[in-house]
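Read through the structure below, which is laid out as structure tokens, and then see the notes.
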Ligand code: SF4
Ligand code: SF4
């Protein structure tokens with residue numbers, strides 16, 4: 001087990017248990033990068049550069065504006081990249097993070 005300190009806004013909801021609906025707490029992406037993040041940013045540890053705060057929750061910019069992180073992405077491929085990244089990071093599915101949060105506040 002690896003201990004890892006992450007910093008998130010205090011008003012962000014606590015991480016749910018694995019399998020429960022994702023509440024965009026941001027814990028997973030603050031702790032480590034997913035396969036998509038590792039490919040794009042060449043880093044395994046968090047926080048992921050694509051992790052952004054939006055409406056009091058966290059979001060993945062690769063899944064909404066990939067061109068902000070992939071400068072060579074042609075304009076006509078933006079929609080396709082968004083679809084692929086959303087599928088790759090499993091947007092809309094339950095929490096798949098097994099990170100154990102010791103101090104959620
Ligand atoms: S997958 Fe889990 S840890 Fe990651 S943002 Fe969603 S709820 Fe939080
Ligand atoms: S889901 Fe997005 S923000 Fe989270 S680690 Fe993957 S690429 Fe980064």
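Being assigned to a loop (DSSP other than H, G, I, E, B), modelled with pLDDT of 95 or more and near ligand 2 (Cβ under 10 Å from one of its atoms), is that true of even one residue in segment 74-82? So far as segment 74-82 goes, no, none of its residues is assigned to a loop (DSSP other than H, G, I, E, B), modelled with pLDDT of 95 or more and near ligand 2 (Cβ under 10 Å from one of its atoms). Residues of segment 34-53 that are within 19 Å of residue 14 (Cα to Cα) and free of Cβ contacts under 8 Å to residues at least 24 places away in the same chain: 48, 52. Filtering segment 12-53 down to residues that are more than 12 Å from ligand 2 (Cβ to nearest atom) and surrounded by 17 or more Cβ atoms within 10 Å (Cβ to Cβ), which residue is modelled with the highest pLDDT? Top of the filtered list is 15. Note on segment 54-69: residues that are exposed (fewer than 15 other Cβ atoms within 10 Å of the Cβ) and modelled with pLDDT of 95 or more total 1.
The values are calculated or read from the model by the stated rules, or taken from the named source; none is laboratory data. Note that this is a predicted model, so its numbers are computed, not measured. With ideal geometry, Cβ positions are generated from the backbone for all residues, glycine too; neighbour counts draw on all protein chains shown.
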